[in-house]
Amino acid sequence: MSVRVRRVHEPPEPDDGVRVLVDRLWPRGLSKDAARVDEWPKELTPSTGLRRWYHAGEGTYEEFRERYEAELAAPGAAEPLERVRELAGRGPVTLLTASRTPERSHAEVLARLLEG
């Protein structure tokens with residue numbers, strides 16, 4: 001299973017495989033043609049409350065990761081999570097985020113969960 005994380009603003013690469021946007025909101029200043037997004041499962045994105053809490057600097061990345069993993073364990077995330085797992089089982093999947101630090105974002109948490 002091959003899952004990687006990239007910034008959505010970076011140009012698509014041939015080895016991206018299926019490109020999955022994992023942000024709740026469409027990235028500003030990016031056209032849908034330029035993004036080349038194949039899937040956009042909004043149910044896999046952190047809740048608005050969790051996202052705001054983390055970006056306000058009220059908690060650590062580790063706390064964010066735990067809270068986000070709890071959200072992903074909820075019934076509403078099961079089907080879209082399984083869909084992305086299936087895609088990753090067939091070939092490369094690239095999780096896309098507008099985060100400036102993708103390695104400390106929800107996309108990285110999701111990638112580790114999918115690979116684990």
Length gained if residue 53 through residue 31 is fully extended, taking 0.36 nm per residue and subtracting the Cα-Cα distance, is 5.1 nm
Filtering GluC sites (Glu not before Pro) in the stretch 1-93 by DSSP loop and by at most 10 other Cβ atoms within 10 Å leaves 58
Going residue by residue through the stretch 7-24, the Karplus relation 6.51 cos²θ - 1.76 cosθ + 1.60 with θ = phi - 60° gives ³J(HN,Hα) values, rounded to whole Hz and with x marking Gly or Pro, of 6, 5, 7, 6, x, x, 10, x, 8, 5, x, 7, 9, 10, 7, 10, 9, 5
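Report Rg(Cα)/(2.2 N^0.38 Å) for the stretch 18-82, keeping two decimals.
Compactness ratio reported: 1.23.
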In nm, the gap between the two label points placed 7 Å beyond Cα toward Cβ at residue 43 and residue 83 is 0.7 nm
If 97, 48 are placed from fewest to most neighbouring beta carbons inside 10 Å, the sequence is 48, 97
Under 5 Å from the placed amide H of residue 5, counting only residues 5+ away or on other chains, we find 95
Of all stretches in the chain that avoid trypsin sites (Lys or Arg not before Pro) placed in a DSSP loop and having at most 15 other Cβ atoms within 10 Å, the longest is 37-99
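Every read-out reported here was derived from the displayed coordinates using simple, explicitly stated rules and does not represent laboratory data. Computed from a prediction, not measured in an experiment: that's the story for all the values here. In this analysis, Cβ positions are derived from the backbone assuming ideal geometry, glycine residues included, and neighbour counts consider all displayed protein chains.
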